[in-house]
Amino acid sequence: MEKKEEGKLGKKLADMLDFENMKKEEAALMKALVDLTLPKLKSSKTRKLLKIIDFLIEHRNTELSKVEVVKGAEVPKNFVYSYWDTIVESGFVKETRKLGNTQLYLLNKEDKRVIAILSLYDLTKDSPKEKKK
């Protein structure tokens, strides 16, 4: 029941936000709101999932193993392994190749939700030109 409610909430949020047509200022405001809200989230599970998503976004062009996600996102191994199949099945990440017995994964940059998140994320990051000013 809890899992279904979270899915409905996420879908409602995604339906409310039209990232593709969002102005840069609106996107920055949304990011600021998320940054202010994140530390106050009561659900430990939600915080851990967001840490995984943030790590995957930061390493969007890198093939990663589950162990690398555990270490990089600083989330307990049992948590990542418990939710990883759901993350993959949702289309957020995709399997790329195997190195020995280790499956590698990559953020699915073709997924509409990932595209929207990356757009928002990139809008809130300083470009190299802005840093020099």
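The values are calculated or read from the model by the stated rules, or taken from the named source; none is laboratory data. From a predicted model like this one, the values you see are computed outputs, not experimental measurements. Here the Cβ positions follow ideal geometry from the backbone for every residue, glycine too, while neighbour counts run over all protein chains shown.
Quick look at the values:
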quantity	calculated
Filter result for Gly72 (modelled with pLDDT of 65 or more, among the small types (Gly, Ala, Ser) and assigned to a loop (DSSP other than H, G, I, E, B))	no
Subset of segment 93-133 that is at pLDDT below 90 and part of a loop (DSSP other than H, G, I, E, B) - its residue that is nearest to the chain's Cα centre (by Cα)	Asp111
Filtered residues of segment 46-88 (kept if free of Cβ contacts under 8 Å to residues at least 40 places away in the same chain, under 22 Å from Leu120 (Cβ atoms) and of a type in the set (Lys, Arg))	Arg47, Lys48, Lys51
